[in-house]
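As C-alpha cells, the structure follows; a few thoughts come after it.
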C-alpha cells in the first residue's frame, strides 16, 4: 500500500495522472488555464506544465526583467511584504536550530533578500546561493556591496543542475532554504532530489510556501488564481496543502521536524531534516474535501465582490 501510494505521488508530479484527474470547471472564470485535481492524492494543478528549462528561462528573461521595478509599482523581492516574509523565515529557523558557523545555501535566491538578512541579522559567514537569473545574481552583489558586506558565493543556474562541487566545496551544506519557489517549479521532484544531494546527512532544509488550500480563508480566491495572466498556469503549476507539500520531501527521505501554525497564518513554513528515512509516512487529501473547500472559497469570495462594489 505504501509503495503504491509513493508511486501515485510520483505520477502526480510527472503529469501522469491526467486520465485519473478531474477538471475543476467551476474555476474556469477564475483561472486563465485549466485546473485539475488528482483523485488519488487531492493535488491541485494546471495541465499546461512546461519543461523546467523553459520555466526558469521565462522567469529569468521575462518575469524578472519586466516585473521587478519598484519605481513603477511592480513586484520586487525587496518590498515590505517580501521583507517581512524573510524576517519571519530567519526568525523561525534560528529559533529551531543553532546556525552558528553553519554553511547555508539559499536555493533559488532571487534578488538575495534572504541571504542579505542572514548576513545582517545573524552575521552568517558561510553563505551560498543558487539563482538562474543572471540579472538577479548581479543585483545580489550590488546589494551586498551597497551595505558594505562580503557577498555570498553564488552559482548561476537552475537548482536541478547544481552540485556543491561546482563551487569547489569539499562537503555538502549544513542548512538549505527554498522560499516561495517550489510551487513555480515544473519538476519539483527533481528540485528536491538535487537539494537532498547538496545537503549533508541530517542537515536541515527550511521550506516556505503560500499554501492556502484546506486552511481557513485568508484571502479571496482570485488572489490565488488569476484570470488575466496568460502565463499563470505554467509559471505556477502547483497549489499545495500541508500534505501534498510534505509528501514531496518524504519521497526522498526527508523528515518533518516542525512547522509553523500555518492554519492561522498566511504562509506555510516547514523545517525538514535530511535523515534518509526509508519508511514513508505519506498522507493524502481526500479530493472531494478539496473540491468542497474550493467551492466554498469561491462562494465566500463572491460575497466580497458584492460588498466591495
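The values are calculated or read from the model by the stated rules, or taken from the named source; none is laboratory data. All figures in this text were calculated on a predicted structure; none of them were measured in a lab. Reconstructed Cβ throughout: ideal geometry from the backbone, glycine too, with neighbour counts over all protein chains shown.
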State which residue pairs qualify: first residue modelled with pLDDT under 95 and inside the stretch 97-110, second residue buried (at least 17 other Cβ atoms within 10 Å of the Cβ) in any location, beta carbons under 6 Å apart, and separation of 6 or more residues or different chains. 110/77; 110/136
Can you confirm whether residue 257 is touching a strand residue (DSSP E or B) at 6+ places or on another chain (Cβ under 6 Å) and surrounded by fewer than 17 Cβ atoms within 10 Å (Cβ to Cβ)? yes
For the stretch 170-184, which residues satisfy the criterion of being over 12 Å from residue 199 (Cβ atoms) and over 13 Å from the mean Cα position of the chain (by Cα)? 170
Of all residues making up the stretch 263-296, the number that are in contact with a strand residue (DSSP E or B) (Cβ under 8 Å, 6 or more places away or on another chain) and closer than 19 Å to residue 35 by Cα: 4
Has the stretch 217-230 got any residue that is at negative phi and under 13 Å from the mean Cα position of the chain (by Cα)? no
Taking the stretch 111-151 as the search range and keeping residues that are in contact (Cβ under 8 Å) with a residue 60 or more places away in the chain and assigned to a loop (DSSP other than H, G, I, E, B), which one is surrounded by the fewest Cβ atoms within 10 Å (Cβ to Cβ)? 133
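For the stretch 268-288, what are the residues that are surrounded by 13 or more Cβ atoms within 10 Å (Cβ to Cβ) and closer than 17 Å to residue 24 by Cβ?
285, 287
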Report yes if some residue within the stretch 216-234 is modelled with pLDDT of 90 or more, crowded, with 20+ Cβ neighbours inside 10 Å and in contact with a strand residue (DSSP E or B) (Cβ under 8 Å, 6 or more places away or on another chain); otherwise report no. no
When (1) more than 27 Å from residue 289 (Cβ to Cβ); (2) more than 19 Å from the chain's Cα centre (by Cα); (3) surrounded by fewer than 16 Cβ atoms within 10 Å (Cβ to Cβ) are applied to residue 154, the one that fails is (3)
Hey, can you tell me all the residues within the stretch 83-130 that are more than 15 Å from residue 173 (Cβ to Cβ) and touching a strand residue (DSSP E or B) at 6+ places or on another chain (Cβ under 8 Å)? 85, 86, 88, 89, 92, 96, 112, 119
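From the list 9, 49, pick out the single residue that is at pLDDT below 90, closer than 30 Å to residue 131 by Cβ and not in a strand (DSSP E or B). Break it down stepwise before answering.
Details: 9 fails: at pLDDT below 90.
When all the criteria are applied, what remains is 49.
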